[in-house]
Amino acid sequence: MSTGVPALGFGDQVPSASAPSAVEAFEVRANPAPLPVAEREAALANLNFGTQFTDHMARAQWRSGTGWLDRRVEAYGPLSLDPAAAVLHYGQEIFEGLKAYRWADGSVWLFRPEANAARFNKSAQRLALPQLQIDDFIGSIEALVRTDVEWVPSGDESSLYLRPFMFASEAFLGVRPAQIVDYLLIASPVGAYFPGGIIPVSIWVAQGYHRAGPGGTGDAKCGGNYASSLLPQMQAADNGCQQVLFLDAKEDKYLDELGGMNVFVVRADGSVETPRLTGNILEGITRSSVIRQLEDTGRKVLEKDITLDEVRSGVESGDILEVFACGTAAAVTPVGRLASPDFDLTINGGVAGEVTLAIRKSLTDIQYGRAADPYGWMRRVA
Ligand SMILES: *Cc1c(COP(=O)(O)O)cnc(C)c1O
């Protein structure tokens, strides 16, 4: 079931602070009408995911022949797009997701942004979009976060969510890679994922649908993967579950991942397992960080094929004690229930497990500067 796509591994040895940045190349054109301070403060006091955006956005445009031009930060606002823009017809689009974290001393930090840059380029290659150099990727983020630094919230477990994306903007209905491509970066303040304490999610096993197949776009972060996950996600909701778990497309037997998070299981012997990178799974930066931290606390971590059957029997027999999911948005989230037409399992009594909570804490402690960062994962931006 492997497609032989090399994993990124995210260059574990390179400290994030030494990744290059072309921040100076982004010309800042200040928004003449930013949100009044009182309104911004009101917005920051009442955060809902993905609804509020900062005063500016960063952008650049690529044309075949000339490469990337017009790097700038400008007022956030609607785009003007030709109705024939290829992205609207054929979905040639990719994105990333990362966060800027405000520490208790007021400073603002990114978590492994060079890993997002590497994955962005891997996704770009798969979707036949141009490469964006790492210094432009990090430079756009630094330019925007510094311009809109007042928008980085300081509440407990809050952050500024950053959404870089790239799409085919050329007006052309022929089916070929676009020759004009736009890169944009927008930012949205977000509150704690679990404002009232950590509540495990319920998961439905997708029936009759898959997220990605061998040789498809499963290991690219592209909008199309999300579009095709919406119907199975509705199925999950119809069955009283919050998230959907996808099985592999070839045998319909192995765990792939959730719609937007990677998945782990914790065995009774203390070892931890996660699906190996088959090319159908998105290689999460949180996944990579969790594996590293678990190994450094002396745990055995196996990246392997995991069947749904063995998860079911493991939970029933007590050999699997915990299941958790991870991704940038939620960090680490416990799974309390796994259901399908054939079974309805409660995991760890429906409450967050010890290993899940410990790994969540050790990861977020680094991100928020509450613990030392022995890996060089954090990069100061402001
Ligand atoms: C983004 C994403 C993840 C999580 O990746 P992180 O880098 O940890 O945020 C997992 N699965 C899918 C499908 C994703 O798009």
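Read the figures in this text as sums done on the coordinates, not as results from a lab. This is a predicted model, so every value here is computed, not measured. Note: ideal-geometry Cβ built from the backbone for every residue, glycine included; neighbour counts use all protein chains shown.
Please compare each pair in Lys253/Lys361; Lys122/Lys253; Lys99/Lys250 to a cut-off of 30 Å on the Cα-Cα distance and tell me which ones are over it. Intermediate values should be presented prior to the final figure.
Numbers: Lys253/Lys361 32 Å; Lys122/Lys253 27 Å; Lys99/Lys250 34 Å.
Beyond 30 Å between Cα atoms: Lys253/Lys361; Lys99/Lys250.
Taking the chain as a Gaussian network, Cα atoms linked when under 10 Å apart, which of Ala249, Ala33, Ala84 shows the biggest mean-square fluctuation? Among Ala249, Ala33, Ala84, the largest mean-square fluctuation in the Gaussian network model of the chain belongs to Ala33.
The charge dipole of segment 202-340, taken about its Cα centre with unit charges on the Cβ of Lys, Arg, Asp and Glu (plus for the first two, minus for the last two), comes to roughly 280 debye. From the alpha carbon centroid of segment 274-312 to that of segment 351-382 is 18 Å. For the listed peptides 19-25, 212-218, a ranking on the average number of other beta carbons within 10 Å per residue, highest first, reads 212-218, 19-25. Of Gly349, Leu282, Ala212, which is farthest on the positive side of the dipole of segment 201-367, counting Cα position, with +1 on Lys and Arg Cβ, -1 on Asp and Glu Cβ, and the Cα centre as origin? It is Leu282, whose Cα lies furthest towards the positive end. Neighbours of Ala268, meaning other residues whose beta-carbon lies under 15 angstrom from its beta-carbon, give a summed charge of -4 when Lys and Arg score +1 and Asp and Glu score -1. Here the convex hull built on the C-alpha positions of segment 10-190 has a volume of 127 cubic angstrom per residue.
Among beta bridges identified by DSSP and lying wholly in the chain, the antiparallel ones come to about 80 percent. Inter-part distance, segment 239-259 to segment 322-345, computed on C-alpha centroids, equals 11 Å. What does the charge count around Val37 come to, taking other residues whose C-beta lies under 14 Å from its C-beta (Lys +1, Arg +1, Asp -1, Glu -1)? Net local charge, Val37 excluded: -4.
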